[in-house]
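The values are calculated or read from the model by the stated rules, or taken from the named source; none is laboratory data. Computed from a predicted model, the values in this text were never measured in an experiment. We place every Cβ from the backbone using ideal geometry, glycine too, and count neighbours over all the protein chains shown. In case anyone asks, the SASA skips ligands and DNA or RNA and just uses the protein heavy atoms, side chains included. Shrake-Rupley method; radii C 1.70, N 1.55, O 1.52, S 1.80 Å.
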Amino acid sequence: MFTIILSREIRDIIGSRKFIFSFLISSILIIMSFYIGAGWYKINRSRYEAALSENIRQMSGVTDWIMVKHHVFLPPDPLTALVAGVDNDIGRDIEMFAVGELKAQDSRFSDDPIFSVFHFLDLEFVFSIVLALFAILFGYNLVNGEKEAGTLRLVFANAVPRHSFILGKMTGALLAVVVPVLIPFCIGCLLLIMMGVPMDSGAWIRLGLIIFAGLLYFGVMLLLAILLSTFTTRSSNAFLLTLVLWIFTTLIIPRTAVLIAGRLVKVPSVDELDSQKFRYRSQLWSEDMKKMNAFKLPDTGNPQEMMDAFHKYMGELGRDRNEKMDLFNQRLNEQRRNRQNSRENLAFSLARIAPAANFSLAAMHLAGTSIELKQEFLAAAGAYQQTYARFLGSKTDGMLPGGGMVFRMVSDDGQESVPINPNEIPVFEFKPMSGGQMAGIDIIILAAFGLLFFCGAWVAFLKYDLR
């Protein structure tokens, strides 16, 4: 009996006009998201390579390493174009100093602000909005629609177990809707290969997990619609209630969670921190200026010895000033980061009561576009800064410019200055951390939602009024 109900449900769904219409629309959007994502990645890659070339070009002709202005850039990742997350919002360019605080600037939206208005057609949008609505469309009348048509009483006029009926209906709906959706995803993966997007084995695994999480969320929304279909007698009421719940869980709960967390956990603004840092930096400079005014060159009669003494004294002052400033910046930044983490954890914990938020967070963690991306980029730049400082120190006799004023005495020995070779600068490499653990938590929560809705529909139908 289960097999009969299962095959009947699959035939009814696949043979319906709404399935053909929904499948065509979803297939077009899925394939478009892959095509647009692949094209956008190639554009971002060309921009990234152009930025690297321009960085080298600007250093060409410079004859003193002290005057070098070196930048590091956030490289594009193929999956970031498929699940944008915060990738377009954060700064992608960091001016590198040997010492001092680093800041990211120039987000993609600063170059193309129109995309910040409408955002992108990516997989997160397709799953969260389009496929979720299609799941509602196929599940809202799965049970009460049979009752309204009068077929429910006819079916149970025979010796049909209730559990076989509801299990066959749910399984048939899931197979009939979920399995065909895999076709456009396979076409999209072929597009990535044909368009020359470099996907290694790790990227393919992460993409597969993103699709799995999306299909799991799709199944959750379908089971939710079926659950509400067993709680109502009229399909119109079930559709309206399911649609309201979808709007509430997709659009309202995540945004409300962010607002509540923002109210409960106060985080000082970047401007407030910059003001404190500026005041402390000014205080240190004032103290050092007094020391400079009091400093007297040793009267050795040898200009080179006097120059070396001046360089040594200025280097000691600079190192001491930079150490104090770094400790002060680290303390302020750590305090703000801790409060940011507390606010983010609270916001995400509240938002996770909505299945849509679990899918979005899982997809962003797997694609490497979660909210941690900015800190990972800054952390990688901070680690690179130590390498860059050692390299620059070897070229400048220990003098390390940090974005402020640099005092240096240069002797004119009549020799022609030789341009530096910017290709000697160590290469910056960024490898985003794997968000698999956090994504796994959200996928487990999604699976728990699906199991809850499945059991709820099962139990509700066992008590359903068939009349």
Reviewing [x] 1.01; [y] 1.15; [z] 0.98, the figure for Rg/Rh (Cα atoms, Kirkwood Rh) actually calculated from this model sits under [y]
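Can you pull out the trypsin sites (Lys or Arg not before Pro) in the stretch 211-317 that DSSP calls coil and that have at most 12 other Cβ atoms within 10 Å?
Working: sites: Arg234, Arg255, Arg263, Lys266, Lys277, Arg279, Arg281, Lys290, Lys291, Lys296, Lys312; in loops: Arg234, Lys266, Lys296.
Here the sparse-neighbourhood loop sites are Lys266, Lys296.
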The answer for trypsin sites (Lys or Arg not before Pro) in the stretch 38-143 that fall in a DSSP coil and have at most 15 neighbouring Cβ atoms within 10 Å is Lys69, Lys103
Here the membrane-span-like helices of the chain, with no claim about any membrane, defined by DSSP H, Cα axial extent at least 20 Å and mean Kyte-Doolittle at least -1.0, are 17-59, 162-194, 201-231, 373-395, 436-462
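Sort the stretch 180-335 into rounded, prolate or oblate with this rule: let a ≥ b ≥ c be the square roots of the eigenvalues of the Cα gyration tensor; rounded if a/c is under 1.5, and if a/c is not under 1.5, prolate when a/b is larger than b/c, oblate otherwise.
Details: a/c = 7.00, a/b = 2.38, b/c = 2.94.
Here the stretch 180-335 falls in the oblate category.
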Per the helix-only model, the chain has a calculated mean residue ellipticity at 222 nm (DSSP H runs of ≥4, -39500 (n - 2.57) each, divided over all residues, rounded to the nearest 500) of -22500 deg cm²/dmol
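Asn338: net charge of surrounding residues, Cβ under 14 Å, Lys/Arg +1, Asp/Glu -1, itself excluded?
Details: positive: Lys266, Arg331, Arg336, Arg337, Arg339, Arg343; negative: Glu334, Glu344.
Once positives and negatives cancel, what remains is +4.
Based on the Cα atoms of the stretch 1-140, what semi-axes does the equivalent ellipsoid have, where each is the square root of 5 times one gyration tensor eigenvalue, given in whole Å with the largest first?
Details: eigenvalues 486, 36, 29 Å².
They are 49, 13, 12 Å, listed largest first.
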Computed over the chain, protein heavy atoms only, probe 1.4 angstrom, the accessible area per residue in square angstrom equals 52 Å²
Inter-part gap, Cα centre of the stretch 53-77 to Cα centre of the stretch 10-44, in whole angstrom, is 43 Å
With all protein chains in place and a 1.4 Å probe, Tyr48 shows an accessible area in Å² (nearest 10) of 30 Å²
Excluding ligands, DNA and RNA, the carbon-plus-sulfur percentage of the accessible area of the chain with a 1.4 Å probe reads 62 percent
To the nearest 20 debye, the chain has a Cα-centred charge dipole, built from +1 on Lys and Arg Cβ and -1 on Asp and Glu Cβ, of 2360 debye
